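Remarks on the structure that follows.
Nothing in this text is a laboratory measurement; each read-out follows from the coordinates by a stated rule. Fair warning: this is a prediction, and the values are worked out from it, not measured in the lab. Every residue, glycine as well, gets a Cβ built from its backbone with ideal geometry; the counts of neighbours run over all protein chains shown.
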Amino acid sequence: MLIKKIELQNFRPYVGKQTISFSTDEEKNITIVMGDNGSGKTTLAQAFLWVLYGDTDFKVKELINRVVRDEMKPNEKKKVKVDLYLTHEDRDYIISRAQTYKRNYTTVKAENVEFSISYNKDGQQEFLKPHERDIMIKKMLPHQLSKFFFFDGERIKNMSEEIEKGKSREFADAVRGLVGLTAIMNAINHLKPSTTNSTVIGRYNRKIDEGGNAKIAELSDRINSLQQKYESLEKRIEELKDQIEYYRKDSEQLKLRIASYAPAEKMQKEYNKLKDEVAKLEKVKVDAVKTFLNYFNKNTPSFLAKPLIHTSLKDLAEADKLDKGIPDMHANTIDFLIKRGFCVCGTKLEPGSDAYSEICKALEFLPPKSIGVLINQFVRESQDRTRLSETYFEVFENSFRRIREIKDQISERQAELTNLDNKLLDVSEVASLKKRQLDSEQKEKEFNEELREKILALGATKSKIESLSKERDQLILVDERNKEYELFRQYAITVYEELKNSYDLQEEKTRQKLEDYINEIFTDIFSDALSIKVDKRYNIKVSVKDRSFEGNELEYSTAQNYSIIFAFIAGIIKMAKEAGKNESSSEDDYNVFVEAEGYPLVMDAPLSSFDKTRIKNICNTLPKIARQVIFFIKDTDGEVAEEHLGDKIGAKYLINIDKSFLLAEIKER
Amino acid sequence: MEEKIVRKNGVDIDLTKVRRIIMRIILEERNNVKTKECSDSQMVDKLQKIIEEEAKCL
């Protein structure tokens, strides 16, 4: 396929009709379209996607130029249109897509879309029928591959993920088609065993049944029904294989992610332990503060009064009356003894006697008349208080220090908890990951069990079909009319089996060749330290060649990702380009029949992530591989590209933009 | 294809003819991939015709 020209009309910033004619020269096969940032290069690249597939990556889906839209009068209609002129398999096509917009006073609404594909046949422009258009687009450039051929540098991350895994069956089919296996694939589909008239073998089966032999018809019905069962089992087995592969990969990836969180479990345990310790320490702190406050309340007055007490005791020690009082004796005790008439020692207390006089003297030193006793009691209490307050400061200091220590321990643990908390935030999804991983494992297991059952059922069905077919075939040969159909049927079956085997072999070879090309191109562009594998689904697996790197996680730089994608696209293009040139290399190799042609490569901002050496490598490699290369490039990269591409450039354009009005203009340089 | 003739279900199949049929079929398919002139049903007609011509050919 070669892109000859694109015409844009009122498409986003491109007002009126603007045209770019791309270089189709085999030697000078590069077209460079340069422009500043925001000048509409990406829009131009998106125009290809819109005209071919009716979709764009624009966030705002309105396509009409703003100035044109704002100038529309009520009920006026304007058209946005893209025409793509291309050559595909020696025929010139025009692919056209137009969207009409109509102003309804305040708003402008999108109306119908017109889509057509036409080609010139004997001077007449023939239009493809609606159902033929999709087939043609699929054949020219399948949508599944479009993002690789219309390469957008800004979506590199998504592309590199997609290129490594998760590509659909349609993607693999699209690649097979591009690398030239479509003819064999179609032949197999037109021949395959069936119960209907839609295939060659199906038609012979029906003709033989129409022979009128009731037994043959009955056997045919049974075979047909088994054949349907066989096909549905085959389909289910393929689906199951896909599902198993999907869940296996999912489970593996989840395991890796969970493993990366492995230290989290230990962290969580440590976190819980610290939390317990903090709770215990808080309790100890509360008790310590309580004890401290009790002690403070009880002993602080004595401690603070100590100098006063000391002074008082000193003064009291010097007073001579203090020792004359009888401790714990009261004047009432003396009055009682006098009234009773004798002392506690038995001496009679008669008024005028010496004993009487002496005991009456004691009344002078006893309460309530005397304070001596009270002072004595005060002195004793003061001495007790003084004695206790001697250890006050030490106890106070120790208690306070203990509280401080507990607080410090709590603070230390809380700091550790905060630290762990931050780390654990990242791993809070481990539980959900584990659940997902277990679910995936369970699904994989269930599908594996079903797969085993289905494979057994498939084998049993096949045996039954073979046995019934044998019985039926013998009956057929008895009937002369059927003999001839059986001859054709057996030829058809043999051809079908041969092609199927050949296709499998061819596909394996094709994939291996594609892998070799991708590795060669990647080495040319980037480095020879990595090895790229292509699996049966055309998924890419990158590994490090140097064994000393084994076990280390492979790191992907932007430049490396770009290079992998470049190598992948260039590899497919090279295969497609060369497939048509191949000659049959052996008797059973039907390579001679594969169809193929060159493909263009349309790249938006492809060089911005590379250093000068790699830009040079890419500029040397891509033009040799792709039949046509179209670069949308910013001016600085464009200058570097021009320096390296030089004589390969067949056409140059510049986009000028009026940023105030968002109007872009394309000019040939 | 070392054996030239194989017997399948009481019918002799000439493997040289099989190879010729394959070549013609693939050429036909390849042509149709390019031109898209024939529908699937028309292609089945063409393939059937090729098989019958070759099988009957002495």
field: Alpha carbon centroid spacing (whole Å) that separates the range A:428-496 from chain B
entry: 26
- prompt: Mean residue ellipticity at 222 nm from the helices of chain A, using -39,500 (n - 2.57) per DSSP H segment of n ≥ 4 over the full residue count, to the nearest 500 deg cm²/dmol?
  reply: -20500 deg cm²/dmol
- request: Provide, for q = 0.12, 0.16, 0.20 Å⁻¹, the log10 of I(q)/I(0) from a solvent-free Debye sum over equal Cα point scatterers in the range A:603-663.
  value: -0.32, -0.54, -0.78
message: Need one number: % antiparallel among DSSP beta bridges in chain A, to the nearest 5.
response: 70
- prompt: Quick one: putting +1 on the C-beta of Lys and Arg, -1 on the C-beta of Asp and Glu, what dipole do you get for chain A around its Cα centre, in Debye to the nearest 20?
  reply: 1800
message: 7 Å from Cα along Cα→Cβ at both residue A:198 and residue A:73: what's the point-to-point distance in nm?
response: 5.5
- line: At 37 °C and 0.692 mPa s, the Stokes-Einstein diffusion coefficient in µm²/s for the protein assembly as shown, with hydrodynamic radius from the Kirkwood sum on alpha carbon pairs, is 94
query: Which listed residue (A:281, A:317, A:260) has the Cα farthest towards the positive end of the charge dipole for the range A:244-321, taking +1 on Lys and Arg C-beta and -1 on Asp and Glu C-beta about the Cα centre?
result: A:260
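Set the Förster radius R0 to 56 Å, insert the Cβ-Cβ distance between residue A:118 and residue A:214 as r into 1/(1 + (r/R0)^6), and round the FRET efficiency to 0.05.
On the way: r = 54 Å, r/R0 = 0.97.
Efficiency, from the Cβ-Cβ distance: 0.55.
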task: May I ask you to evaluate 6.51 cos²θ - 1.76 cosθ + 1.60, the Karplus curve with θ = phi - 60°, for each residue of the range A:606-611 and list the ³J(HN,Hα) values in order in whole Hz, giving x for glycine and proline?
output: x, 9, 4, 9, 9, 7
statement: Here the gain from full extension of residue A:578 to residue A:313, 0.36 nm per residue of separation minus their alpha-carbon distance, amounts to 83.4 nm
task: Tell me which residues come under 5 Å, amide H to amide H, from residue A:15 once H is placed; ignore anything under 5 positions away on its chain.
output: A:664
